[in-house]
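Participant: Sharing a structure here in structure tokens format.
The values are calculated or read from the model by the stated rules, or taken from the named source; none is laboratory data. Keep in mind that what you see is a predicted model, and the values were worked out from it rather than measured. When we count neighbours, we look across all protein chains shown, and the Cβ atoms used for this are built from the backbone with ideal geometry, even at glycine.
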Amino acid sequence: MLGLDRITFDPQIMGGQACIRGMRITVSLIVNLIANGMTHEEILKAYPYLEPEDITQALQHAAGLGQSGSAPQRGAIVIVTAGRTRVRMLPVVG
């Protein structure tokens, strides 16, 4: 997953989970907020230190995990339309 310069891993921060720019904001938090219906604008308002590209790269990172086979027993489809993102979890078939 080259080009995701905002996604960081540090064993001293959130136990080494994928985080946004070394902050204590995990990729999984961003994905969960979106999966539960928050828009990009709502996330940026709730977390003013985040930037739009942080959300984009968090979703790209999560999508990349699904493609690499690392995702446990489920796949994720990320749909972005007009600034609104939806995440659908689908069972893996086969």
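Participant: Inside the stretch 14-62, can you point out the residues that are without any contact (Cβ under 8 Å) to a residue 12 or more places away in the chain, of a type in the set (A, V, I, L, M, F, W, C) and in a loop (DSSP other than H, G, I, E, B)?
Facilitator: M38
Participant: Would you mind finding the one in R86, R6 that is exposed (fewer than 15 other Cβ atoms within 10 Å of the Cβ) and either touching a Gly at 6+ places or on another chain (Cβ under 9 Å) or at pLDDT 90 or above (or both)?
Facilitator: Testing whether each residue is exposed (fewer than 15 other Cβ atoms within 10 Å of the Cβ) and either touching a Gly at 6+ places or on another chain (Cβ under 9 Å) or at pLDDT 90 or above (or both) leaves just R86.
Participant: Any chance the stretch 54-67 includes a residue that's of a type outside the set (V, I, T) and modelled with pLDDT of 95 or more?
Facilitator: Taking every residue of the stretch 54-67 in turn, at least one turns out to be of a type outside the set (V, I, T) and modelled with pLDDT of 95 or more.
Participant: Restricted to the stretch 1-44, and to residues that are of a type in the set (S, T, Y) and in contact with a strand residue (DSSP E or B) (Cβ under 6 Å, 6 or more places away or on another chain), which residue is farthest from H61 (Cα to Cα)? Can you show your working first?
Facilitator: So the first thing to find is which residues in the stretch 1-44 are of a type in the set (S, T, Y), and the list is 8, 26, 28, 39.
Remaining after also requiring in contact with a strand residue (DSSP E or B) (Cβ under 6 Å, 6 or more places away or on another chain): 8, 26, 39.
Values: T8: 11, T26: 11, T39: 18 Å.
The selected residue is T39.
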